[in-house]
Every structure is written in structure tokens, then in C-alpha cells.
Amino acid sequence: MGKLFDPALIIEYAPLILSRLPVTLLIVFWAIVGGSVLGTLLALARIHKVPFLNGAAVFFISFVRGTPILIQMFIVYYGLPLLLMYFGINITRWAKLNFVLVSYALNNAAFLAEIIRSAILSVPASQSEAAWSVGLSASQTFRRIILPQAFRTAFPAFGARVINAMQDTALAFTLGILDILGQAQAIGIRTYHTLEGYVVTAIIFIVASLLMEHTFAFIERRRLAR
Amino acid sequence: MISVKNVHKTFGKNEVLKGVDIDVKRGEVVVILGPSGSGKTTLLRCINFLEKADEGELNIGDISVHFRHATRQEILRVRRRTAMVFQSYNLFNNKNAIENVMEGLVTARKIPKGEAYETAKKELDKVGLSDKYNAWPSQLSGGQQQRVAIARAVALNPDVILFDEPTSALDPELVGEVLSVMKSVAREGITMLVVTHEMSFARDIADRVIFMDEGAIVEEGLPRDIFTRPKERRTKQFLDRILLKDEYVKDDYAI
Ligand SMILES: Nc1ncnc2c1ncn2[C@@H]1O[C@H](COP(=O)(O)OP(=O)(O)O)[C@@H](O)[C@H]1O
Ligand SMILES: [Mg+2]
């Protein structure tokens, strides 16, 4: 069985593990896109105190923030089919990845909702009034004036959330997803060399996080320059 | 052109407008004067439905609406016939100067972008900002921002432009440039309802002056009549105070 820790294996495993990076990024992508759309709706429900939806949003957000994502994922994986079955929709043949995407999107929606909500509230009412006064409707005002300004305010927190979301993907392997961590795990089981694979994933996470951080900081500087 | 009748507005227990009637004819420039807190801002905001008046009606062109019962559609129609210039300019912070002027044209009035761009350019040129098309609001002085705001209002070719103390947030040395733009807007024959304490504007440009106090119109008339022989004691007191301050301000900067 050889050495317990063989640095050469890091080089050998790296391409294998790196080849699963698209899966990780796919999860991050849909988590953030889905989370942003749903998060905006949650934020609007809360800001306009929409009856029932506001309460539901408050409950959902504190539930998500108060429970580990692993549990949320299991609830979606085992619970969503039952729930949808009730409405006559059968998703028992769904790929596991779909459940992961839904879980992470829901999870991020809760965090993004709070970020988006406070950013929307930070746009002065006078901006809406100016928009109405030139004849924009409520939804035009929101899309063209409020949301772009809110997005700017939210941008740093948004960037931090994307990086968090990426690190959160580290639990997707528990449903058997072959992302970078799932691949490291699989290699470990096959070869009894677990640590080397994890070192590779750690390096990938660090590099990706730093890249994202710098990209966001760069965009931020460019936007603030005006 | 535009008339409001019997406008009432109460905030909590504070009755801010107590039945105001105003009639502005096409092309007329009407200045509203009055002490702070007399309800001038609230009146303009009610006309543009930024506040919901408790009572009264509004006629503008062929539109006739009750303030209290106006539907969302009617409110939008009124807003597309009017424009407003705010005390604090309120330019869209996510848009540069020319985009600020284009926004209402393109998004609300569905005017093709190219045409809107030409209109916006023309209006910015008229307010003396031909070198600032692409400037962000944060890169403009208060006077320049307010000139963009006026261009934004005029570009919409509204039935009336409502001005709410357009110069009172400005540094004294920037007041002149905004007033002269307002004067040229008035000379174009655009209907204007202007709340201002700038006596020179009221005296030289207004067709009519309305004096408001405590939520009601106290008196109205030609500028020279109001300024030289006000009928009401409250008008006289107010004018004395303002003119005194004006003189004081002038002395202060006349070095
Ligand atoms: N949104 C509001 N809520 C409560 N009171 C208000 C509000 N807006 C204005 N007021 C009150 O209405 C009165 C008139 O205000 P305003 O119309 O701003 O007067 P002006 O513009 O003549 O100075 C003031 O007493 C002010 O405190
Ligand atoms: Mg006021």
C-alpha cells in the first residue's frame, strides 16, 4: 500500500479532480441565478408586506439561516418528491443533481433575499418619485431605476455570497454528486489515498475563491470609478 | 390647461391643505409663494400623485380625475402629461445626463432610442450642457444637476411643469444659472407652476403670483400688484420678511 501521504499523487489526481470543476461551478451558477430570482421575489414580498407571502418569506429565511445546508438538502431530496406528488407531479426519476441545484438555489435565495432587501431599501424614495414623475410605471421604476442601484449597493455582499456558495457546494457529494469533492472522495475509496485528493480540492477552492474575490474587487473598482 | 379644485390633504391630525383651487392657463407661468410649512410642496406632490389628496379634483387637458378615486391608469396618464423639477434635483443616479433625459421618452413614451437621443441632446444643449452628455450626476455641480433635471422635464413636452423650490438647495453662486434656464423655458411658452422664493423670477417672469399660508390661498394677482400693494396683512408681512432677507443676502455677496 506504500506511503501514507504521497505528494506525487497530488499531481496525478489533479487533472481527474479538476475535470469535475464544471460540475461544482454549475451548482454555484444555478444556486446564484435561481437564488437571485427567488431572493428578489422574497425581498419584494417582505418590503411590500404582501399578506401571507411576507410571513412565509420571514419563516423561510429564518429556517434556511437556522439549519445546516446538509439538512436542507436532505429535506429537498426526500421531501420535494412527496410534496410534488401531492400536486400530481412525479419527480422521482429526477437526476440527483437537480435536487442539489434546487437545494442550493433555495438556500442562497434566503441569504440573497436579505442582501437584496436592504439594498433596495437603501435606494432613496426620491429616486422612485423622480421615475414616476417622468411617467414610468411601478414595475418600470423598479426594473430600470431601483434594481440597478440596489444591485450596485449589494455588489460586495453579493460577491461574498457567491464565494460562500461555492464553498457550500462541498456537501453535494453526500447525495453522490461527482463534483470536485465527490471525485476526491471516489478516488480515496478506490485507492485508499484520501488525503492527496482533499489537498487538491483545497487548492482548487483557494485558487477559485481568490480569483473570484479579485474579479469582484476589480469590477467594484471599475464601477465606483464613475 | 390645468386646474385643481378643492384640494384637501391631512397628515394624521395635521390639516395641510384646506381646499385649494388653482387654475393655470396654457403658457401661463404661475408662482406660488408662502412661508415654510404652508403646504406648497404637498400641493405640487398631490397634483403629481406623489401624495394622495383626501379630496378634490384635477383637470389637465382632457383628463379629469378625482384625487381620491383616481385609478392606477389615470394616475399614469396624469403623470405622463406633467413633469416635476424637485428641490434636490433627483437625477437618476444610475444614469448619465443624457440617459436621465431619455429615460421618460424611451421607457414611458416608447419613443425610439435614436429619436429620444436627438431630443435629449437638443434639450441639454438648450440648458448649456452640451459638453456633459455622458457625465454622471455625481460629476455635476448642483446647478448642472438641476439644469439636467429641467432638460429632463422639458424634453417630455408636458402640459405643465411643476417646480418645487428648484434653487433653494443650491449654493448662492449657482442660483443664477438655474434661474436663467427657467426664464428661457418660460419664454418658450411652456406652462409652469413654480414654488420659489426667488423674487426676481416672480417679478420678471410670473404672469400671476399666488400667496399661500397655512394650507390655503390667501391672495393672488399680478406680480406687481402683489409686490407693491398686497391686500392681505399676512402677505405683506411675508413679503417684508423675504425682501429684507433678499437684501441681506445680496449685501452679503455683493463684495
Ligand atoms: N409626509 C408627510 N408626513 C407628515 N407630515 C407632512 C408630510 N409632508 C409634509 N408634512 C407636513 O405638512 C406641512 C406642509 O409641508 P410642505 O407641503 O412641505 O410645506 P412647504 O413646502 O410650504 O414648506 C408641514 O407641517 C409638514 O410638516
Ligand atoms: Mg416645500
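Protein heavy-atom surface of region B:96-232, 1.4 angstrom probe: 45% of the accessible area is carbon and sulfur, with nucleic acids and ligands not counted.
Give the average, rounded to an integer, of partner chain Cβ atoms located within 10 angstrom of each Cβ in B:150-159. Mind dumping the intermediate values first?
Details: counts 0, 0, 3, 2, 0, 1, 3, 0, 3, 0.
Mean partner shielding for this stretch: 1.
Ordering A:N90, A:P124, A:A150 by the projection of their Cα atoms onto the charge dipole of region A:75-193, which places +1 on the Cβ of Lys and Arg and -1 on the Cβ of Asp and Glu, puts A:N90 at the extreme positive end.
Rounded to the nearest 0.05, what FRET efficiency is calculated for A:F29 and B:R203 with R0 set to 60 Å and r the Cβ-Cβ distance? Mind showing how you got there, number by number?
Numbers: r = 64 Å, r/R0 = 1.07.
Between A:F29 and B:R203 the formula returns 0.40.
Please work out the FRET efficiency for the pair A:A160 and B:Q73, using the Cβ-Cβ distance as r and a Förster radius of 60 Å; give the result to the nearest 0.05.
Working: r = 42 Å, r/R0 = 0.71.
Using R0 = 60 Å, I get an efficiency of 0.90.
Within 10 Å of each Cβ in peptide A:144-152, how many partner chain Cβ atoms are there on average? Round it to a whole number, please. Each step should come with its number before you reach the end.
Values: counts 7, 6, 1, 1, 4, 4, 1, 1, 2.
The per-residue average across the peptide is 3.
Of the residues A:V33, A:T174, B:L43, the one whose Cα sits farthest toward the positive end of the charge dipole of the protein assembly as shown, with +1 on the Cβ of Lys and Arg and -1 on the Cβ of Asp and Glu, is A:T174.
What do you get for Rg/Rh of region A:22-155 when both radii come from the Cα atoms and Rh is the Kirkwood radius? Please list the in-between numbers first.
On the way: Rg = 17.1 Å, Rh = 16.3 Å.
Computed over Cα atoms, the ratio is 1.05.
For the residue pairs B:K25/B:K236; B:K25/B:K95; B:K40/B:K113, the alpha carbons lie more than 30 Å apart in B:K25/B:K95; B:K40/B:K113. Radius of gyration over Kirkwood radius for the protein assembly as shown, both on Cα atoms: the Rg/Rh ratio is 1.14.
Listed by number, the DSSP H helices of chain B that run 20 Å or longer by alpha-carbon position along their axis and have mean Kyte hydropathy of at least -0.5 are B:172-187. With protein chains left intact and a 1.4 Å probe, residues in region A:69-150 average 46 Å² of accessible area per residue. The simple Förster model, with R0 at 35 Å and r as the Cβ-Cβ distance, assigns B:F11 and B:L222 a FRET efficiency of 0.60. In region B:55-90, the residues whose accessible area drops by at least 40 square angstrom when the other protein chains are added to the isolated chain are B:R79, B:N90; the probe is 1.4 Å and only protein heavy atoms count. Helices in the protein assembly as shown, meaning DSSP H runs of at least 4 residues, each add -39500 (n - 2.57). Divided by all residues, the mean residue ellipticity at 222 nm is -19000 deg cm²/dmol. Interface of A with B. Using a 1.4 Å probe and counting protein heavy atoms only, the two chains hide about 1900 Å² of accessible surface, both sides summed.
Computed over protein heavy atoms with a 1.4 Å probe, the accessible surface of chain B works out to 46 Å² per residue.
Between A:A56 and A:F218, residue separation times 0.36 nm minus the direct Cα-Cα distance comes to 54.6 nm. Can you send over the carbon and sulfur percentage of the accessible area for chain A, probe radius 1.4 Å, protein chains only? Using a 1.4 Å probe with all protein chains present, chain A comes out at 71 percent carbon and sulfur. In a reduced charge model with +1 at each Lys and Arg Cβ and -1 at each Asp and Glu Cβ, the protein assembly as shown shows a dipole moment near 1020 debye about its Cα centre.
Using a 10 Å cut-off on Cβ atoms, rank the peptides B:84-97, B:26-39 from the highest mean neighbour count down. Numbers along the way, then the final one.
Working: B:84-97: 22.1, B:26-39: 20.2.
Per-residue Cβ counts within 10 Å, averaged per peptide and sorted highest first, yield B:84-97, B:26-39.
Over region B:1-66, with every protein chain in place, what whole percent of the accessible area is carbon and sulfur at 1.4 Å, could you tell me?
Values: 1200 of 2730 Å².
Taking all protein chains in place, region B:1-66 shows 44 percent carbon and sulfur surface.
Hydrophobic, long helices, defined as DSSP H runs whose alpha-carbon span along the helix axis is 27 Å or greater and whose mean Kyte-Doolittle value is at least -0.5, occur in chain A at A:21-47, A:96-121, A:147-168, A:194-224.
The values are calculated or read from the model by the stated rules, or taken from the named source; none is laboratory data. This is a predicted model, so every value here is computed, not measured. With ideal geometry, Cβ positions are generated from the backbone for all residues, glycine too; neighbour counts draw on all protein chains shown. To get the accessible areas, we keep the full protein, side chains included, count just its heavy atoms, and leave off ligands, DNA and RNA. Shrake-Rupley method; radii C 1.70, N 1.55, O 1.52, S 1.80 Å.
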